[in-house]
Amino acid sequence: MLKGIAAAPGIGIGPVYLIELKSREEETDNSQLLHGPEEIQAELARLEEAIGRAKRDLEELAARTRQEIGEAEAGIFNAHILMLTDPTFIASVKEKIKVEKKKAARAVEEIAEAIASSFAVLDDDLFRERAADIRDVAARLLDNLAVGSRRALELKAGSIVVARELTPSLTANFTRNTVAGIATEIGGPTSHTAIVARALGIPAVLGVQGLMNRVRDGELAIIDGSAGVVYLNPGSELLEEYKKKKAVLEAGRRDSKYAGPARTRDGRHIEVAANIRNAAEVKIALEHGAGGVGLFRTEFLFMNREEPPGEEEQLQAYKEVVAAFQGKPVVVRTLDVGGDKPLPYLNPGHEENPFLGLRGLRLCLTRQELFKTQLKALLRAASYGNLKIMFPMVTTLEEIRQAKKIMAEARMELEANGLTVSHVETGIMIEVPAAALMADVLAREVDFFSIGTNDLAQYTLAVDRGNERVAGMYDACHPAVLRLIDVTVKAAHRYGKWVGLCGELASEIQAAPLLVGLGLDEISMSPVFIPPMKEAVNKIAYHEARELVRRLLELPGPREVRAALSK
């Protein structure tokens, strides 16, 4: 398993089509310089002609993208036209031709790479990822200087496209019929390649380190664009599991009648919400009928930079998401990092077992100014919609009280500056067995719980999911895990608090009767799973699901639980 960045949700299975950039050594060979004014003038004329052809190419691509994908995605290529025809860029290229007597292709390559490199070193993800757009424009111009067009991709239907980096213009030529998934070494969720992939509905995992050294052309691969993982040469059991998941997703995509609320046959409403990583995923969540956001991960704001984001930057990011959901609940998880996913500017230090170390709320309580800055931004963003704040990796009552004290200080500081701060519901994630067993005590201090089944199962079963030697023992359907969920839900409801559940278990459509029967008020998942999950919930009777869960909790192991669910 190779881990990357979940850039476009969904599952793709198919043979790898490896794209390796071809060298333009002959065209950009610097061994032969231009001689005399005539050659220089001819090269300048050739450059102008190539710019004209490239501009027409981009105009056609923008028009086709507007018609087939959408206006926003077409805007990417309108921006490319502006880059291509930028007077400063053209003047710099011409200067190299005239003064350094370099061929047009070499001049284009050097100027474009200098500009791209200056973007690539910036802290801001959006600026850094514009380097790919600049290189894309330069590649198109180089192709036209060679008086040729880009090599047509000989894609077989259902291919998994793998490359070090993909340009947005190349991605825009893909279709869901020919490309089953995308994986690259370079790129992130805000790159234009990711935006186009999401618009096309093609699963994509970007930023997979070491991918090109591991992959082989033609081998079978699985792309899980929701989890951000790539499997090369998967075993038969894993392949069968993903084929079933893919079939469920495709069935849900074909049936759009479940855009409304999820309600059991006997009238119990269950909120089916989305897990999102950034503002770019809001559109997908809304298109799939999300009743809100059950888990908004905020780590993207803090990653790949030399210092933490300020209050204003965070406010803009949170406000954009909250406002887009127009009053629907948006549960925002505060910063959840630690030794397993460290931030250099926090100086976390080495930990023998980072999963049991300083992470989640534990870390935030040791970095109170950073924590308070995030809380201020969240409290301000709450005025734009229905925002709820959730603390991760909570073990004790004292941690909750400390976090609420810091939040109260943040509120007072905002109000002292003349800002009106509305009431914001505060909850915690139940990821640690101790928190589940003490849920009756913790429920008195918070407004809601959200059960994180990935970590709850990992800690309950003492299994590292990333360790292939023991990963087979991991299963969120283990009765021990289910009993902890049952205890948590009952304790919360006793005090009138609502309970959600996020994690991979929420995406298992076959587990819908289990999720309903446990009495959960909300389940939150990758957006692509929302339609089939709503369909499943609407076919279930709550009283029957409750009886099923009563029997499941008495079973000896996860295999028996899954067998009962499959009947």
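Computed from the coordinates by the stated procedures, all read-outs in this text should not be read as laboratory data. This is a predicted model, so every value here is computed, not measured. Methodologically, a virtual Cβ is constructed for each residue, glycine included, from the backbone with ideal geometry; neighbour enumeration extends over all protein chains shown.
Would you please name the trypsin sites (Lys or Arg not before Pro) within the stretch 457-504 that are DSSP coil residues with at most 12 other C-beta atoms within 10 Å of their C-beta? Walk me through the intermediate numbers first.
Numbers: sites: R465, R469, R483, K490, R494, K497; in loops: R465, R469, K497.
Passing sites in the stretch 457-504 are R469.
Picking from A199, P189, Q209, whose Cα lies most toward the positive end of the charge dipole for the stretch 159-249 (charges on Cβ: Lys, Arg +1; Asp, Glu -1)?
With unit charges placed on the Cβ atoms, the residue in question is A199.
Would you calculate the separation in nanometres between label points at E544 and V121, each defined as 7 Å from the Cα along the Cα-to-beta-carbon direction?
6.5
When only DSSP loop residues count, what GluC sites (Glu not before Pro) in the stretch 453-530 have their Cβ near at most 14 other Cβ atoms within 10 Å?
Working: sites: E468, E504, E508, E522; in loops: E468, E508.
Those that pass, being in a loop and sparsely packed, are E468.
Using only the alpha-carbon atoms, how far is helix 87-99 inclined from the longest principal axis of the chain? Give it as 0 to 90 degrees, nearest 10.
Orientation of helix 87-99: about 40 degrees from the principal axis.
Assign unit charges at the C-beta atoms only (+1 for Lys and Arg, -1 for Asp and Glu), then state the dipole size of the chain relative to its Cα centre in Debye, rounded to the nearest 20.
Roughly 1580 debye, rounded to the nearest 20.
Report, to the nearest 10°, how far helix 397-416 tilts away from the longest principal axis of the Cα atoms in the chain, using its own Cα long axis and a range of 0 to 90°.
So the helix axis and the longest Cα principal axis differ by about 60 degrees.
Name the long-range amide H neighbours of R176: under 5 Å, sequence gap of 5 or more, or other chain; modelled H, no Pro or chain starts.
Under 5 Å from the amide H of R176: no residue qualifies.
So what's the gap between the Cα centers of the stretch 165-193 and the stretch 477-502, to the nearest angstrom?
Comparing the Cα centres of the stretch 165-193 and the stretch 477-502, I get a distance of 40 Å.
Packing-wise, with mean Cβ within 10 Å as the measure, how do 194-203, 293-302 rank, highest first? Could you put the intermediate results ahead of the total?
Values: 194-203: 24.6, 293-302: 22.1.
Descending packing order for the listed peptides: 194-203, 293-302.
Calculate the spin-label point distance for K490 paired with V441, positioning each point 7 Å from the Cα along the beta-carbon direction, and give it in nanometres.
1.9
If you take the beta carbon distance between A63 and R362 as r and set R0 to 60 Å, what does 1/(1 + (r/R0)^6) give as a FRET efficiency, to the nearest 0.05? Mind dumping the intermediate values first?
Numbers: r = 53 Å, r/R0 = 0.88.
After rounding, the FRET efficiency stands at 0.70.
If packing is taken as the average number of other Cβ atoms within 10 Å across a peptide's residues, how do 385-392, 285-292 rank, most packed first? Present the calculation step by step, with values, prior to reporting the outcome.
Numbers: 385-392: 23.1, 285-292: 21.4.
Packing order, densest peptide first, comes out as 385-392, 285-292.
Restricting attention to the alpha-carbon atoms of the stretch 340-434, what are Rg (one decimal) and Dmax (integer), both in Å?
Just the Cα atoms of the stretch 340-434 yield Rg and Dmax of 14.5, 46 Å.
Quick check: the angle from helix 130-145's long axis to the longest principal axis of the chain, C-alpha only, nearest 10 degrees?
That works out to roughly 30 degrees.
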